[in-house]
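Data first, discussion second: the structure below is written as structure tokens.
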Amino acid sequence: MRFPEHFIQEVVDRTDIEELIGKYVELKRSGANLLGRCPFHSEKTPSFSVSPTKKMFFCFGCHAGGSVITFVQKAENLEFTDAVEYLANRAGLPLPKESEAFVGQTGVSRKRVLEMNLEAAKFFRACLFDPAIGGEGMKYLHEDRGLSIATIKHFGLGFAPN
Ligand code: ZN
């Protein structure tokens with residue numbers, strides 16, 4: 001599945017890069033960064049640098065580098081989404097459900113929007129088929145536009161009263 005951008009960001013935010021990489025590499029503080037021997041190529045002198053503030057790593061020997069997600073991909077041989085899942089589990093973050101993966105900036109899920117649309121469609125349809133409310137609409141669709149009742153039902157047409 002594809003994870004929403006804000007979820008990936010949260011996974012990165014909740015991951016302590018020093019603690020994560022420290023499980024694979026012995027890191028020593030060097031100024032603002034941490035230095036160790038690269039886990040991705042064989043070397044005697046440390047050229048593998050980790051920046052806790054930028055949450056990035058870089059090896060001056062083999063030029064491997066990237067985010068905590070890139071690190072897990074390389075270290076555990078995982079695809080991007082599997083690496084995100086791995087880090088989410090590690091951080092105790094529940095994975096978003098499939099439908100929630102579509103949640104936009106409104107915070108409303110696609111499933112919820114579809115449910116609301118269905119409720120609205122049912123309401124306007126009931127209005128159309130109530131002669132006291134939708135008589136005028138039914139006359140327009142049926143007589144003026146020549147739509148059969150079957151067509152009106154098939155396309156879920158409705159009537160909005162004033
Ligand atoms: Zn390297």
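The values are calculated or read from the model by the stated rules, or taken from the named source; none is laboratory data. Everything numeric in this text was worked out from a predicted model, so none of it was measured. Heads up, the Cβs are rebuilt from the backbone with ideal geometry, glycines too, and the neighbour counts pull from every protein chain shown.
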Only residues in the range 51-62 that are more than 14 Å from the ligand (Cβ to nearest atom) count as the first member; pair them with residues that are acidic (D, E), Cβ under 7 angstrom, at least 6 apart or cross-chain, and list the lot. P52/E18
Of the residues that sit in the range 113-132 and are hydrophobic (A, V, I, L, M, F, W, C) and over 31 Å from the mean Cα position of the chain (by Cα), which one is surrounded by the most Cβ atoms within 10 Å (Cβ to Cβ)? L128
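Listed residues S67, S51, S47, S109; which is at pLDDT below 95 and among the hydroxyl-bearing types (S, T, Y)?
Values: S67 fails: at pLDDT below 95; S51 fails: at pLDDT below 95; S47 fails: at pLDDT below 95.
Just a single option satisfies the conditions, and that option is S109.
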Go through E76, E19, E5 for me and flag whichever is of a type in the set (D, E, K, R) and at pLDDT below 95. E5
Which ranges mark the helices (runs of 4 or more DSSP H) fully within the range 21-134 that have 2 or more residues being closer than 30 Å to G158 by Cα and of a type in the set (V, I, T)? none
Considering R29, R37, which residue is more than 16 Å from the ligand (Cβ to nearest atom), over 28 Å from the mean Cα position of the chain (by Cα) and without any contact (Cβ under 8 Å) to a residue 40 or more places away in the chain? R29
